[in-house]
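Written out below as structure tokens is the structure these notes cover.
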Amino acid sequence: MAARALIHAARVAARDQQVHTALAWLTKAGHHLRQEPDSHDKAYDLLLMSRVYHELADSTPDLILQAAKTAQDAVRIAQKLGDTRALAYAWGDLGRLYEAEQRYEDALDLTRRAVLAAQQQQLPESLYRWEWQTGRLLRALGRLPAALDAYERALATVQSMRAALIRGHSGIDQSFRQALGQLYLQYADLLLQKATSLEQPITAASYPAYDYYLQQARATVEQFKTAELRDYFGDACVDAARPRTQILERVTANAGIIYPILLADRTELLVSLASEIKRVRVPAEGPRVERLAQTFHNSLLARDPQRYLRHAKRLYDWFIRPIEADFKAAEVQTLVFVPDGALRLLPLAALYDGEQFLMQKYALAITPSLTLTDPRPLSREAVDVLAAGMTEAAEDFPPLPAVQEELNSIQQLYGGTVLLNQAFSPRRLHQTVQQGAFNIVHIASHGKFTADASQSFLLTPHGKLTLVQLAETVGQLQFRERPLELLTLSACETAQGDDRAALGLAGVAIQAGARSALATLWRVNDAATALLMRTFYQHLSMPGTSRARALQQAQLKLLETPSYASPVFWAPFLLINNWL
């Protein structure tokens, strides 16, 4: 126990760049372990110690030898005891050390032993790691077909144990993106490389195979997005929409779907039009694109036009300009963006071509995942609205005096039920939804999406309404004859700079069982929001007007109003999921 405590202390010190302290504790831990008889626990403690040495080798390269020696001691003990489970980890970790030294053939031999041991003991939580490692090594050795097979096996293993992985039962103490995101993205990268090998020239005979690899790359990232949403919300409810999915390219002929894939060395766009899928390479690494998206978001909040217009133009040049001619040729009217990572924080409407903002040219929508969308037009027959909100200040949030005007304007257009101020409570909202048949729910109150879904909330005069409670309340409507068409959260904000918090924003419609949601990236001006919402619902009531088009008209209204012309007032509003 003393040895294990010291190793964990050394691990913390290593991550805090306290190299000498970490080494001192590892030395003490090694002294304790040498006095202990060989055992299963000793083998695992040595493996943990080896991993800490490996972390320290980033700053002190010679320690890679100490890491390897410690892992070899674990191999010896596991072989002596016939402990196949420990042996799977020991060989796998040793293979990872050889991989770090670019001794790929030796690493591959050790990793294959780890795979065999994990298969013999039926250890999926270990097997996926070594299949993934096998794929990386085969890729480094230039054996692309075999690498693809290894990645495919690793992903199949992850899918078989996804619930345990997502909730940390396999020992993963990170978010799903941190722990497994690179597995999906590296596999997608290999599929795109395979497509590249078919590009010169693309003939009628080779195009089906080329298109297949593009589709497979996108499907892999889709699988990742679905798993990440499930991880954020902590359950499998996001799968509920699967029976209602459709291929979006076939939904409407005048929509273009932009699907960014953020890779370590580049960014790829897979752009779907009615007739084909096009591939565009953005000359920027994925991390660089994410940093610029965050910088753009922050510069808008700082209301610095010189900065945000420069960033807006660069992002426009990356995401829109290379495919704008195709959009014009296909008479595209709506752009649907499928963001990933920090791109979920991107105020898409404010991208700038040098003369116009993007929302002046196209109606816009985002969707967290193509396979989580239920696209169909809004039915305007028997629209029944539940509108709730509060005008009062509460906790650290200021009053929202324009909310009363906002809710009144919605009631004048559609009638329905209004819960204002003291009438608005989590319990009253639940009871009202239970008794009604609402297909639009509008909530005008402060709220916040954070990195933890359980801590995300909407504010009521009677306490916080958590995202989980909201989903339970509004989710009652998804099994009715007329499901919830639109959930509007008109005064929420997303934790600044936190792309995991943006998962809550992106997934709120999915979680609540709504076909679409309208929400905001940051805390918005009260009076500007009331004007935007009034205009949005006016246009939404017109036959033939899509949700995306209604939002576009509302944003244009603010742009044309001198007091609200800055993007800070209209850019944070996002239409999520179904845009029709």
Could you tell me which of the residues L48, L56, L33 is within 32 Å of the chain's Cα centre (by Cα), of a type in the set (A, V, I, L, M) and closer than 15 Å to Q72 by Cα?
L48
Filter result (in contact (Cβ under 8 Å) with a residue 60 or more places away in the chain and either within 17 Å of L346 (Cβ to Cβ) or more than 17 Å from the chain's Cα centre (by Cα) (or both)) within segment 256-267
G256, I257, I258, Y259, P260, I261, L262
Can you name every residue in segment 263-300 that is closer than 18 Å to R321 by Cα and of a type in the set (K, R)?
R266, K278, R279, R281
Just name the residue that is surrounded by the fewest Cβ atoms within 10 Å (Cβ to Cβ) out of those in segment 260-280 that are within 18 Å of Y212 (Cα to Cα) and charged (D, E, K, R).
E276
Given the condition assigned by TED's automatic domain parsing to the domain that holds P399, touching a residue at least 40 places away in the same chain (Cβ under 8 Å) and aromatic (F, W, Y), answer yes or no: does some residue in segment 532-541 qualify?
yes
Would you please name the residue that is farthest from A146 (Cα to Cα), looking only at residues in segment 182-238 that are β-branched (V, I, T) and in a loop (DSSP other than H, G, I, E, B)?
T203
Working carefully through the options F569, F536, F479, F457, find the one that is on the phi < 0 side of the Ramachandran plot, in contact with a strand residue (DSSP E or B) (Cβ under 7 Å, 6 or more places away or on another chain) and among the aromatic types (F, W, Y).
F457
What pairs come out if I take residues in segment 188-213 that are free of Cβ contacts under 8 Å to residues at least 60 places away in the same chain and within 17 Å of I261 (Cα to Cα) and pair them with residues that are among the polar types (S, T, N, Q) and surrounded by 14 or more Cβ atoms within 10 Å (Cβ to Cβ) whose C-beta lies under 8 Å away, six or more apart or interchain?
L191/Q216; L191/T220
Examine segment 12-28 for a residue that is among the basic types (K, R), in contact (Cβ under 8 Å) with a residue 12 or more places away in the chain, farther than 30 Å from R139 by Cβ and touching a helix residue (DSSP H, G or I) at 6+ places or on another chain (Cβ under 7 Å), and state whether such a residue exists.
yes
If you go through segment 393-404 one residue at a time, how many are touching a residue at least 24 places away in the same chain (Cβ under 8 Å) and either of a type in the set (G, A, S) or surrounded by 18 or more Cβ atoms within 10 Å (Cβ to Cβ) (or both)?
4
Could you check how many residues of segment 431-453 are touching a residue at least 12 places away in the same chain (Cβ under 8 Å), within 24 Å of the chain's Cα centre (by Cα) and not in a helix (DSSP H, G or I)?
6
Does Y89 count as in the same structural domain as A147 (by TED's automatic domain parsing), under 33 Å from the mean Cα position of the chain (by Cα) and within 23 Å of A154 (Cα to Cα)?
yes
Hits in segment 381-430 (condition: within 21 Å of E485 (Cα to Cα) and either touching a Pro at 6+ places or on another chain (Cβ under 6 Å) or assigned to a loop (DSSP other than H, G, I, E, B) (or both)):
E381, A382, V383, D384, G415, G416
Number of positions in segment 295-332 that are small (G, A, S) and in contact (Cβ under 8 Å) with a residue 12 or more places away in the chain:
3
Qualifying position, being more than 30 Å from Q18 (Cβ to Cβ) and in contact with a helix residue (DSSP H, G or I) (Cβ under 6 Å, 6 or more places away or on another chain), among L48, L87
L87
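The values are calculated or read from the model by the stated rules, or taken from the named source; none is laboratory data. Because the structure is a prediction, the values reported are computed rather than measured. Counting neighbours? That spans all protein chains shown, and the Cβs are built from the backbone with ideal geometry, glycine included.
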